Amino acid sequence: MRTDGIEGRDSVAEGTAQVPVWRAEAVTAAERERLVEVSLAADQMFAAAGLALPPDDPRPLFARADWMWVAGRPPVGFAVLGVLDGAAHLEQIAVDPAHGRRGIGGALLAAACADARRRGYRRMTLTTFRDLAWNAPWYARHGFAPVPESAWGPELREQWRVETDLGIVVAPRVVMARDLGA
């Protein structure tokens, strides 16, 4: 594993402690299981908001990820990324609710965007729930804007279809994108 800084930062303050944010080039079996726990804990926020999502096992997502950022040792959050239609695509970002509202999600997003820009991507896309405060409104505060369906590429369109087939679309969703600069 390697620790890479986020444009000069390699950790985010959580209370009085510093939580490292690192690019996961390889994770141990224990870290992978902790990441599963983080994902499942984060999913409970959707249930608390009244959304019944299908059961989630993030292991296949981790296996197919092009790259991933992790917060904490042991992990308390992660961002999983791929590539769709030539753009970086944020597949999932999750923070254990016990560590939420402390800037960890923002640090993971900043790291993912900065890393995608370093890798030469000019845009990042994602799909998210439109009306949940910690989804589309949160991403909008971080520079993402809705993308009309007419502007979706074939891979993004397929991603939407897969999410629909998996039963994820239990409330209005939106595709969003952020310009990462040249």
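Annotations
- Of all residues making up the stretch 82-97, the number that are over 19 Å from Glu37 (Cβ atoms) and either at pLDDT below 95 or in contact with a strand residue (DSSP E or B) (Cβ under 7 Å, 6 or more places away or on another chain) (or both): 7
- Which numbered condition Gly181 fails, given (1) in contact (Cβ under 8 Å) with a residue 60 or more places away in the chain; (2) touching a strand residue (DSSP E or B) at 6+ places or on another chain (Cβ under 9 Å); (3) not β-branched (Val, Ile, Thr): (2)
- Some residue of the stretch 98-118 being modelled with pLDDT of 95 or more, assigned to a strand (DSSP E or B) and buried (at least 17 other Cβ atoms within 10 Å of the Cβ): no
- Selection of first residues in the stretch 27-51 that are among the acidic types (Asp, Glu) and of second residues that are modelled with pLDDT of 90 or more and buried (at least 18 other Cβ atoms within 10 Å of the Cβ), restricted to Cβ pairs under 6 Å at least 6 apart or on distinct chains, gives the following pairs, ordered by first then second residue: Glu31/Pro75.
- Inspection of the stretch 168-177 finds a residue satisfying the criterion of being closer than 20 Å to Pro58 by Cα, without any contact (Cβ under 8 Å) to a residue 24 or more places away in the chain and not small (Gly, Ala, Ser).
- Residue within the stretch 143-152 that is of a type in the set (A, V, I, L, M, F, W, C), crowded, with 17+ Cβ neighbours inside 10 Å, in contact with a Ser or Thr (Cβ under 8 Å, 6 or more places away or on another chain) and within 17 Å of Val21 (Cβ to Cβ) present: no
- Residue match in the stretch 43-54 (condition: within 27 Å of Val162 (Cα to Cα), modelled with pLDDT of 50 or more and touching an Asp or Glu at 6+ places or on another chain (Cβ under 9 Å)): yes
- Answer residue from the stretch 57-81, given it is small (Gly, Ala, Ser) and surrounded by 17 or more Cβ atoms within 10 Å (Cβ to Cβ) and is farthest from Cys113 (Cα to Cα) among those: Gly72
- Selection of the stretch 45-56 for residues being exposed (fewer than 12 other Cβ atoms within 10 Å of the Cβ) and either in a helix (DSSP H, G or I) or among the small types (Gly, Ala, Ser) (or both) yields Ala47, Ala48, Gly50, Ala52.
- Qualifying residues in the stretch 82-97 (those that are of a type in the set (Asp, Glu) and closer than 16 Å to Arg178 by Cβ) - the one surrounded by the fewest Cβ atoms within 10 Å (Cβ to Cβ): Asp85
The values are calculated or read from the model by the stated rules, or taken from the named source; none is laboratory data. No experiment lies behind these values; they were computed from the predicted model shown. Note that each Cβ is placed from the backbone with ideal geometry, even for glycine, and that neighbours are counted across all protein chains shown.
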